[in-house]
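Structure first, then comments.
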């Protein structure tokens, strides 16, 4: 939702909240009076902070009501399911309890929350900001979703053990401004650390799932993704981006160098594109002020692999990315000097090659751009060869990619069921087998999004469709 | 029993090029627009991805993108002495289906008609006398002028990102462009495409003969382009898989690549796919369309009411729906009365194959509208006195590619099988090219569309029947311009040429063009036209009918540019005049 849409939405919700709050009568067992209706400015501030904190991304299941929870989050320890933070889930919490959750990572009964909920970053929030977020969440329509949240295997299902994790990795806030830095730097630090929690993805984590000390922003590995280096390293980080590049990227999801997709595409769409220009400036000031990560030592790739990779590139990639790797900025991303391409960990680009990648259309850039999947067409050897080739051409230099790495990413690519219910191996961007051909009774509102072409719900003027007919033709 | 649905402001029937144009324009005016498409959703990254898109067998030969004849076809005959039979395999023309329609699989040959084309009857009679237009050549003036359409041609060219060189800027002839074209207000949005060897050779020879070749106007991007709606297109890669294929590089203009990304986000626009309109329902006066009946994929019937209906279902389905719904007076070729189905026309084409021993042409480098053209013998660009025909066509080399199954030209005298054939195919694949002619078809009282008396579709409705043949006018004209093409071919100093005149009756088997026109023609007089100059039905003022069904006859250029310009012109009339005072826009 656009910022304007968000503002309009909150206005409606605030009114609803005023009515709902009045109706929320505590029962006779409680001694407190009915809570006062929230002030509109507080709720508006809370809406903005909620967008900055990108709570929606984790607290919304695919196709589910926003903030109603139920999203399974994969961690190395198992799958954690997010909570319902609409009034249907936390409606009877107090502001104190909400602050404790953000600040100390415990719920209203004092039970530990898992740090998949990044409270080790949200702990930096001020009490006032916590109250504003809570006030906004209270205005959301209540969902009765109660996901089963205890799905971790033994011993991780014992929440008590989180206490030990906290001893190592939780440094309770709130955020302490650095007196030696500008107000803008400190605002940027607050946005990045307390709200954006960028390090939760972009900093390497150790085997306990905590951030590695001394490696802030040097990139983070996840199943099927590698969130890139954000230090000023000229090759792997943001060093070749101007300040304006960085701000444009956060605001629109694209710049002359790169386009946000996947997880970061969601971050831009739900979070950073809603921030004010001043806040984006502040983030740029903070993010760029740190030492560059050390240069990655690169072993020269084998000439035979480069030749094989080049042949594949010419046939399969050059139509969009061009023979000189320059692509079309803000359309087909340039590969020359592409930082994401040159990470020491090639997981992300292997994912792009094998599973394809779609950028999220926006009102200002509405074209639904996607790179198709090649996993069905190329073997692991071939994927590795072309990945090595692009990582080491046109001045790029990055460690060669092995077939084993390509195989590992192939296994990690899991997509939900396609329109006919059959699981999709490579997602909607792959070779159009029956599950990816056009689906019946599609909804116009889905165009450009992840759900493009999905079947309209029953009752939208049509009966059960002829799912995934092999020719994409009407029945009959 | 059909389920009745809530009313909408505008119902768009069919969602190809004109459906997208009209829906975009009318949603901009704030109306709630619903489009019903009998096919399915398709979009560039999913359905035309370059990982599988250049598959000649699947798309060119097995017709995956075209209308499935098992669902609906038409019956065809050359004249009334024959019994029309169902066309059971696509050949001469390739109607589209699914979102984007034929606009997905066209070449991107984007033309304007000549100013004189819009007044074909008046112009030819005044220049050559009444005898130049025989009684049974039923051509008519359009009721709209080139000047009136010029801004809308311009709009479409900029929406598409057309690549070309203006030949006439506000009356000033420009070097390198088409010196015969009507005046245009500004340059093309993109420069011409880069020319490969075959069109370059042709242009060189043509210039030596004193002609004025110019780049074919192309809805293939010569460079990355962002159109006025903010939609982005990529640069064409000259992959040679344009016509009959979708484009995976976002570099061929289509509804998907130019309009849909913006239109589909609008809250006041809804698209329902797999919803086939089977009838338009009139009120008891017969002067108002109140709803459309449509059938969904499960066979359920629905009645969709609307205040305004725009028929965008392609000429063949437009005319058929009008006949099935009892709108307008069906044409009777015996009496000459009636208009629905009248003046069906097509295109007459021919070619000259040119063979070289000493040149490698790399014919596989191609794009849909990548070529060099001569317009000297189109329209009334030359003196027809004493020639026995009117009209003309363009001549040129459009190198769309050389797909391997399709492309095996051999010189005159080559054996048709065996080792001699194989040697010639192997040698000449890289050394042969073709000059094409693309000619007008004048309307004739015996060429028309009506409902078949025998054959029916899956719903029990009569199929459309097409009665069409070329007349002497077309053959004389086509032979004349084929001879002109052969002259240029000889001037290229080839090893040999092969002149392929279009002979005999129109044959539905070989592919020619998908330029079907007429059947619901526009005009100034309700007695001799189906729609007025704004494409509004004379009989049912809240019905507008888009598409080449509006053409009274078919000039010597591809129709899509004019189809789109008329759609924009009509949409403007709806927005600026009709919506303020619904009713007839032209007093009969």
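Values quoted throughout were computed directly from the atomic coordinates according to the rules given, and no laboratory measurement underlies them. Note that the structure is predicted; figures quoted are calculated from it, not measured. All Cβ positions, even for glycine, are placed from backbone atoms using ideal geometry, and neighbour counts span all protein chains on display.
Structure notes:
- Volume in Å³ per residue [convex hull over Cα atoms, computed for the range B:524-581]: 75 Å³
- In plain terms, if you count all Cα to Cα distances in the range A:226-358 and split them into 10 Å steps from zero, the share in each step is 11, 39, 35, 12, 2, 0 percent.
- Kirkwood radius and radius of gyration were both taken over the C-alpha atoms of the range A:105-205, and their ratio Rg/Rh is 1.01.
- Computed lengthening from residue B:148 to residue B:1, 0.36 nm per intervening residue step minus Cα-Cα distance: 48.3 nm
- Over 60 Å [Cα-Cα, the protein assembly as shown], rounded percent: 18 percent
- Based on DSSP H segments of at least four residues, each scored -39500 (n - 2.57), chain B has a per-residue ellipticity at 222 nm of -6000 deg cm²/dmol.
- The angle separating the long axis of helix B:17-28 from the principal Cα axis of greatest extent in chain B is about 50 degrees.
- Pairs of C-alpha atoms in the range B:3-580 farther apart than 33 Å represent 39 percent of all such pairs.
- With 0.36 nm allotted per residue and the present C-alpha distance subtracted, the residue A:161-residue A:300 stretch has 45.5 nm of extension available.
- Shielding by partners, peptide B:231-239 (average Cβ within 10 angstrom, other chains): 4
- Computed over every Cα-Cα pair of the range B:194-258 and binned at 5 Å starting from 0, the pair-distance distribution P(r) comes out as 3, 15, 23, 18, 14, 11, 9, 5, 1 percent.
- Overall form of the range B:425-576 per C-alpha gyration tensor (a/c, 1.5; a/b vs b/c): prolate
- Protection proxy ranking, highest mean first, for peptides A:93-100, B:395-402, A:157-164, A:52-59: B:395-402, A:52-59, A:93-100, A:157-164, where packing is the per-residue count of other beta-carbon atoms within 10 Å, averaged.
- Shielding of peptide A:363-374 by partners, expressed as the average count of other chain Cβ atoms within 10 Å per residue Cβ, is 6.
- Debye-sum result for the range B:406-497 in log10 I(q)/I(0), which assumes one identical scatterer on each alpha carbon, at q = 0.12, 0.13, 0.18, 0.24 Å⁻¹: -0.69, -0.74, -0.89, -1.16
- P(r) weight above 22 Å for the range B:126-214, C-alpha pairs, percent: 48 percent
- A simple spin-label model places pseudo-atoms 7 Å from Cα toward Cβ; at residue A:394 and residue B:580 they are separated by 5.3 nm.
- Histogram of C-alpha separations across the range B:250-338, 5 Å bin width, %: 3, 11, 16, 19, 18, 14, 9, 6, 3, 1, 0
- When the alpha carbon gyration tensor of the range A:341-418 is reduced to an equivalent ellipsoid, its three semi-axes come out at 23, 17, 10 angstrom, largest first.
- Across every pair of non-identical alpha carbons in the range B:76-117, the mean reciprocal distance, once inverted, gives a Kirkwood radius of 13.8 Å.
- Projected-area mean, the range B:110-165, by convex hull of Cα positions, square nanometres: 4.9 nm²
- Where labels lie 7 Å past Cα in the beta-carbon direction, separation of residue A:323 and residue B:496 in nm: 3.5 nm
- Relative contact order (%) - criterion: Cα under 8 Å, at least six apart; region: chain B: 22 percent
- DSSP beta bridge pairing in the range B:3-580, given as percent antiparallel to the nearest 5: 65 percent
- A Förster radius of 25 Å, combined with the Cβ-Cβ distance separating residue A:212 from residue A:148, puts the computed FRET efficiency at roughly 0.20.
- Counting, for every residue in B:64-72, the Cβ atoms of other protein chains within 10 Å of its Cβ and taking the mean gives 2.
- Approximate spin-label separation residue A:92-residue A:183, in nm, with each point projected 7 Å along Cα-to-Cβ: 4.4 nm
- Mean Cα-pair separation over length for the range B:187-281, i.e. relative contact order, pairs under 8 Å, 6 or more apart, %: 20 percent
- Computed on the Cα atoms alone, the convex hull of the range B:69-205 gives a volume of 214 cubic angstrom per residue.
- Over the range B:1-103 - Rg/Rh using Cα atoms and the Kirkwood inverse-distance radius: 1.07
- Antiparallel DSSP beta bridges within the protein assembly as shown, as percent of all bridges there, nearest 5: 70 percent
- Cα-based radius of gyration of the range B:266-398 once divided by 2.2 N^0.38 Å, which approximates compact folds: 1.66
- Measuring r between the beta carbons of residue A:176 and residue A:57 and using R0 = 22 Å, the FRET efficiency lands at 0.25.
- The packing ranking of peptides B:277-289, B:510-522, highest mean first, is B:510-522, B:277-289, where packing means the average number of other beta carbon atoms within 10 angstrom of each residue.
- Distance between the C-alpha centres of the range B:102-153 and the range A:320-358: 49 Å, rounded to the whole angstrom.
- Computed over the range B:281-378: relative contact order in percent, which uses C-alpha pairs under 8 Å that are six or more apart: 12 percent
- Each of the peptides B:540-552, B:124-136, B:305-317, B:335-347 was scored by the mean count of other Cβ atoms within 10 Å over its residues; in descending order, highest first, they stand as B:540-552, B:305-317, B:335-347, B:124-136.
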